[in-house]
Amino acid sequence: MNCLFITQPHFQGFFQDVLGPDIKAHFKNMEFFVSQDFKKAKDILCQRPFATVIMQKTRPKDRSSDEPSLLNFLIHIKEHYPDTSCLLMAKHLKIQEVTDYVNKTNVLGVFHEDWDLEKILALVKKSIDKYVLKSRRIQLVEDISNLNKNLEATTKQLTRAVDERTKHIKSSQMDAQKKKLDAEKLAHLVQRLGTATGFEEYLITLKEEHKKWHRVIGPLLLVHPLKDKSTFYFLQGKVMKVRSWPQNIQQIYEKKQSLFRKTLADLLGRPLGPLLEVPFGQNGHLMFEHNLKKQELADFKKHIHLNKQGLAISFQRIFQDNELTFAAKLWQKTFDVISDPIAIVDSSDHILRSNVSFQFLNTKENSILKKLESMPIFKTHLAKKTSQKSDPYQIQIGRRLFEVNCFNMDSKLSLKASQTYKVYFLRDITTSKRLYSQMIQQEKMIALGHLAGNITHELNNPLTGLRALAQVIASELDKSSDFYKDILEIENALKRSQDIIKNLLEFTSPETDSNIQYVELDDLVKKTLPFLKTAIRFHTLKLDLNSKGFYVKVSPSLIQQVIFNLINNACEAMDDGGQISIATSFKSNQKQDFAELKVSDNGPGIPKDLEQQIFLPFITIKKKEKGTGLGLHLCQSIVRKYQGEIFHNTAFRDGTQFVVRLPIVKSKQIHQGKKNVKDE
Amino acid sequence: MKILIVEDDQIIRHAFKRALLSKGHDVFLAKDGQEGLELWKEQSPDLVLLDVVMPKLNGLQILEMRKNLPSAKVVVMSAYMGDPSLWEHLKALADMSLTKPFENVFEIVQKLEKLI
């Protein structure tokens, strides 16, 4: 800070040596200067900044001519150095002047000759403070201005940054928008593909989605369901075509591209354009046939790449669906083709699945489920074991006999943990059961036959001997005596016994060709009747035998079996008190002469639904083991063996009538034949 | 005539013996094949009435030894058997065949007499 003294000459020394240093001592960095006149003072003022100017009014005589007056000087200071404060020494100053100066200029304070150093110091301090303040203010203003400028600059920068930011945000928003749109498109595509129910929809969707790409001709699809077979799907117009190839085309692809393309072209039926490939692993291969230029191709590739996952997933899904459907259909067909009824049933008796045979059996009118469940054995088994299979049991449904096999199904399959499913597998054992019982019956019969044969043989000898002896005794007796008559009775009875034995032996004798004889049908009937004594017991028999003199060439025992069978059937068909009629006669038509046997009864007749089947084996209307069902079949084969015929007379309305016809042998042949008959 | 009867059934043997004796023939009886064979050799009968089914030695076996036996007429006798070829074979080896049962014992005796 600088301080300037302007004084009268005679005060100069004082200011210089006393006041100046005093003031200086009290203020830091204070320099003071002294001047005698205002003019010089102006120059000094120019050189450096002064906070304070202390001045005296100069004596007029000390003033030079061009020296400004005090007032001028003050005004000068005010004008040029507004921050500099003036202190006035009031000597030689009028009050009016002082007031004037104070009002018009920067006069800060006035002091009198009897100065007070303290007061001066205070005034100087004040002026310095003022000056400092002023300069500080200027500085501040400058600073503010600078700051403002900075602020402006910063604001501008910020604005620019904000603008840029805004632009950036907008553009990223657009990007996001675009991405969103792409994602939506992809989702849309995936949704469409996801609901595609087959490869046709798949291909059509793809074609439509890529319509905007004009140079994309269309999608082609290769599928390899089996390792060594391929199926090729492509669109022709709006319809999908399918072609099969007996090899795995993928393998061709891996070996030789050109061959691959050729194969596809063959299948397609036309030359193949360039392909963009989208492989789906080992199950399939998608291709887009196109005609795109380089740049478009790159774009298209990008587009496809974005959608690749969606395409692949839908493909796999359809592929799996097809496999599953095929597998399911195959299984369904398998089960339907099996003629044994099969069904899956849950624990509340609902049939979950069944095959055609089961459905046929289990109609609305006739539910067999109750039957299936009703077996008590079945229930105990269930209680005991949790084994996979319970023991089979038999049930009767209508006329058929079934063996029921029940398998317990693993409950992990069912939705509810506590559910167990049962699989019923029914086997029709009607025939085999019948066969079995018939076989048993046959065995019995054979055994019985053997037994009978044995007994017969055993009896044969004693009877022969008895009769012979009786004859001998008779020859030695007096013919008029009672003994003779008795012996004759005995011999008669023995003869009858012998005949029975003989018949039986003939009847049970096994069939051979050398048994064949010329016999009369009437004879055979007569010989057979004794065997039926018991059967005919409660019925009435009407005999009308008229084929005497007419011979048939047959094995007697076999024809006897036929006669026996027919008569026995008639007896069994009627309740007690029925009527059986047996008639033989001679018949002739253009071709042939034959002996005819008719066996009739007045029973209920043959049921209409069996009419066609009665001569078939194992058909019987007799109960259980009573009928083997072989009778009529056997009769038919025996009769046919001798070029005869046997049939059921449907015109006979009063019951049942069976007719047997056997060709008659001409008398010439008999004479020749009789030589062949066994010795006697 | 000397007639040998080889038959295991007692009553048939007895009946034939009585019938043949009453006609003045000599009758030898054998109750099984072995006895029959021995008697045949010993007695050299004119006719042998031979049953087929017998214990020890059966009719067929004896017939097959016929060449080594004293000559005699052989009548083979049996109930009707199951196997006709066997019966044919027997008939071929014998001079006559009879099936049991027969109608009249005296008719049989007549036939036998005719044979010798």
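List the strands (runs of 3 or more DSSP E) inside the stretch A:491-608, counting only whole elements, that have at least 3 residues being within 14 Å of chain B (Cβ to nearest Cβ) and among the acidic types (Asp, Glu).
Numbers: elements: A:517-520, A:540-545, A:551-554, A:579-588, A:593-601.
Counting at least 3 such residues, we get no strands (runs of 3 or more DSSP E) at all.
If you take the residues in the stretch B:1-31 that are more than 14 Å from chain A (Cβ to nearest Cβ) and over 17 Å from B:Lys114 (Cα atoms), which one is surrounded by the most Cβ atoms within 10 Å (Cβ to Cβ)?
Checked the stretch B:1-31; the qualifying residue surrounded by the most Cβ atoms within 10 Å (Cβ to Cβ) is B:Ala30.
Does A:Lys91 meet the test of being modelled with pLDDT under 80, part of a helix (DSSP H, G or I), touching an Asp or Glu at 6+ places or on another chain (Cβ under 8 Å) and closer than 20 Å to A:Lys119 by Cβ?
On the way: modelled with pLDDT under 80: yes; part of a helix (DSSP H, G or I): no; touching an Asp or Glu at 6+ places or on another chain (Cβ under 8 Å): yes; closer than 20 Å to A:Lys119 by Cβ: yes.
No, not satisfied.
Consider A:Thr464 against the criteria (1) within 23 Å of A:Lys527 (Cα to Cα); (2) not in a helix (DSSP H, G or I); (3) not small (Gly, Ala, Ser): it satisfies all of them except one. Which criterion is unmet?
Among (1) within 23 Å of A:Lys527 (Cα to Cα); (2) not in a helix (DSSP H, G or I); (3) not small (Gly, Ala, Ser), the lone unmet condition for A:Thr464 is (2).
Just give me the residues in the stretch A:540-554 being without any contact (Cβ under 8 Å) to a residue 60 or more places away in the chain and on the phi < 0 side of the Ramachandran plot, in sequence order.
So the first thing to find is which residues in the stretch A:540-554 are without any contact (Cβ under 8 Å) to a residue 60 or more places away in the chain, and the list is A:540-549.
Hits for the stretch A:540-554 are A:Thr540, A:Leu541, A:Lys542, A:Leu543, A:Asp544, A:Leu545, A:Asn546, A:Ser547, A:Lys548.
Conditions tested, residue by residue: (1) in a strand (DSSP E or B); (2) closer than 22 Å to A:Ser547 by Cβ; (3) modelled with pLDDT under 90; (4) of a type in the set (Ser, Thr, Tyr).
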{"site": "A:Lys622", "(1), (2), (3), (4)": "no, no, yes, no"}
{"site": "A:Arg640", "(1), (2), (3), (4)": "no, yes, yes, no"}
{"site": "A:Ile646", "(1), (2), (3), (4)": "yes, yes, no, no"}
{"site": "A:Thr650", "(1), (2), (3), (4)": "no, no, yes, yes"}
{"site": "A:Ile670", "(1), (2), (3), (4)": "no, yes, yes, no"}
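Quick check on A:Phe618: is it among the aromatic types (Phe, Trp, Tyr) and either more than 52 Å from the chain's Cα centre (by Cα) or at pLDDT 85 or above (or both)? Break it down stepwise before answering.
Details: among the aromatic types (Phe, Trp, Tyr): yes; either more than 52 Å from the chain's Cα centre (by Cα) or at pLDDT 85 or above (or both): no.
No.
Report whether or not A:Phe315 is surrounded by 16 or more Cβ atoms within 10 Å (Cβ to Cβ), under 21 Å from A:Lys179 (Cα atoms) and in contact with a strand residue (DSSP E or B) (Cβ under 9 Å, 6 or more places away or on another chain). Outline the logic, then answer.
Details: surrounded by 16 or more Cβ atoms within 10 Å (Cβ to Cβ): yes; under 21 Å from A:Lys179 (Cα atoms): no; in contact with a strand residue (DSSP E or B) (Cβ under 9 Å, 6 or more places away or on another chain): yes.
Taking the combined requirement at face value, the residue does not satisfy it.
What about B:Gln34, is it within 14 Å of the chain's Cα centre (by Cα) and more than 14 Å from every other protein chain (Cβ to nearest Cβ)?
Numbers: within 14 Å of the chain's Cα centre (by Cα): yes; more than 14 Å from every other protein chain (Cβ to nearest Cβ): yes.
Judged against the criteria, B:Gln34 is a match.
Does A:Lys179 satisfy the criteria of being exposed (fewer than 14 other Cβ atoms within 10 Å of the Cβ) and modelled with pLDDT under 80?
Details: exposed (fewer than 14 other Cβ atoms within 10 Å of the Cβ): yes; modelled with pLDDT under 80: no.
Judged against the criteria, A:Lys179 is not a match.
Looking only at residues that are surrounded by 16 or more Cβ atoms within 10 Å (Cβ to Cβ) and facing chain B (nearest Cβ under 10 Å) in the stretch A:421-461, which one is farthest from B:Ala19 (Cα to Cα)?
Looking at the filtered set, the residue picked out is A:Gly453.
List pairs: first residue in the stretch B:83-102 and at the interface with chain A (Cβ under 8 Å from one of its Cβ atoms), second residue buried (at least 20 other Cβ atoms within 10 Å of the Cβ) and aromatic (Phe, Trp, Tyr) anywhere in the structure, Cβ distance under 8 angstrom, at least six positions apart or on different chains.
So the pair list comes out as B:Ser97/B:Trp87.
Mind checking whether some residue in the stretch A:342-356 is in a helix (DSSP H, G or I) and either in contact with a Lys or Arg (Cβ under 8 Å, 6 or more places away or on another chain) or under 30 Å from A:Glu208 (Cβ atoms) (or both)? Can you show your working first?
The initial filter retains those residues of the stretch A:342-356 that are in a helix (DSSP H, G or I), namely A:356.
Now narrow it down to the ones that are either in contact with a Lys or Arg (Cβ under 8 Å, 6 or more places away or on another chain) or under 30 Å from A:Glu208 (Cβ atoms) (or both): none.
No, the stretch A:342-356 contains no residue that is in a helix (DSSP H, G or I) and either in contact with a Lys or Arg (Cβ under 8 Å, 6 or more places away or on another chain) or under 30 Å from A:Glu208 (Cβ atoms) (or both).
Mind checking which residues of the stretch A:101-135 are assigned to a helix (DSSP H, G or I) and of a type in the set (Gly, Ala, Ser)?
A:Ala122, A:Ser127, A:Ser135
The values are calculated or read from the model by the stated rules, or taken from the named source; none is laboratory data. Here the structure is a predicted model, which means the values were calculated and not measured. Positions of Cβ are backbone-derived with ideal geometry, glycine not excepted, and every protein chain shown enters the neighbour counts.
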